[in-house]
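Before any comments, here is the structure.
Derivation of every value follows stated rules applied to the coordinates shown; laboratory data play no part. Computed from a prediction, not measured in an experiment: that's the story for all the values here. Neighbour counts run over all protein chains shown; Cβ positions are idealised from the backbone, glycine included.
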């Protein structure tokens, strides 16, 4: 049977079942989990954008459903974001902090995370794309925001008008940005990127002098303001890797060349999360914490920096029953019960960010104990073997969190699957609401 067409318990809003319908432009539902104290009102537009009214928390995720309740949600502690920034700032000494908010704040909700990071002491924000930077402007963020992955045809005129900093590592892109600045009637704020050995963004060593020269000409013409010089480390999570010293040397030489030519940047930056925490010589004027901002370890083999994971993903037991020994579970019967056992159905699947290859591998907390997913993860649900333990429909299930109650962490999931915690948190699906707790 095709998984996409498999039968299952329909939820309100699914086609073919009646449920609460949206009238007018918005629907409202009282949901206590939106706030720390007292009920709040979660509003869901026709596009499925979730927001909380009347409480301290704020929802953020998007979904294409017309429902007013989601069984799985991501709880984000904004206090953890603030404290993580403060800790990183202290470790980085006098270096300024550019908090990386790309990919919807690594899945945590960009606007809310941005404001928490700034409250924690970050002075700038970084994203991947121009559209992400513009979205932060629309959310009322007015500090410097840098778009690092700039491509042909982006909305550069609008970006210049809104004061977005742009990462520029090639002549063609410099020309396009300068032309947009001419139309906008103000200089574009650019950070010149040099490839120091990651073989990703930035001008190669042989092209760096020409990029600097052309950028200075555009600056003299009033179309560009060179506000930064930057690069990125390939192996900062391995401090003894020979590429670290090599890249640091190339970056230093690139900065020296640019400054001899007349560049006077506001900031020179190289350090990502691991470098900010463990490589003092790479910090320069500014550090760019990404995963560390969210409390996840950028280099699990190195000493624990004492950060707090900000995200907890919770769901609930949708259905529980007793089954006989030898029962095949989920698609393909990749799991078979060893005896008469109780099983629980959890309404979260790979559409929500639970990795499909986590079947028979990943653990979660249900009924006060860690238990492993039994069988294959489906699009919207998975099964847990409880043995003889009993749970009730509606009981809380913690997929991962900071580990306070014995639940797995995102790092635990990453290690079980042979990946990194970055992927675990950023893959949490758009239909999973983000509830921000202050």
- [ ] Kindly rank 101-109, 429-437, 299-307 from highest to lowest mean number of other beta carbons found within 10 Å of each residue.
- [x] 101-109, 429-437, 299-307
Task: Separation of alpha-carbon centers, the range 337-360 and the range 257-273, rounded to whole Å - done: 50 Å
Task: Extended-chain gain in nm, criterion 0.36 nm per residue less alpha-carbon gap, residue 336 and residue 252 - done: 24.3 nm
TODO: Please report, to one decimal in angstroms, the Kirkwood hydrodynamic radius of the range 73-125 built from all distinct Cα-Cα pairs.
DONE: 11.0 Å
- [ ] Ratio to report: Rg/Rh of the range 296-397, with Cα atoms as the point set and Rh obtained by the Kirkwood method; give two decimals.
- [x] 1.04
Task: Nearest-0.05 FRET efficiency for residue 423 and residue 204, computed from C-beta distance (R0 35 Å) - done: 0.75
TODO: Largest first and to the nearest Å, give the Cα extent of the range 78-294 along each principal axis.
DONE: 44, 42, 25
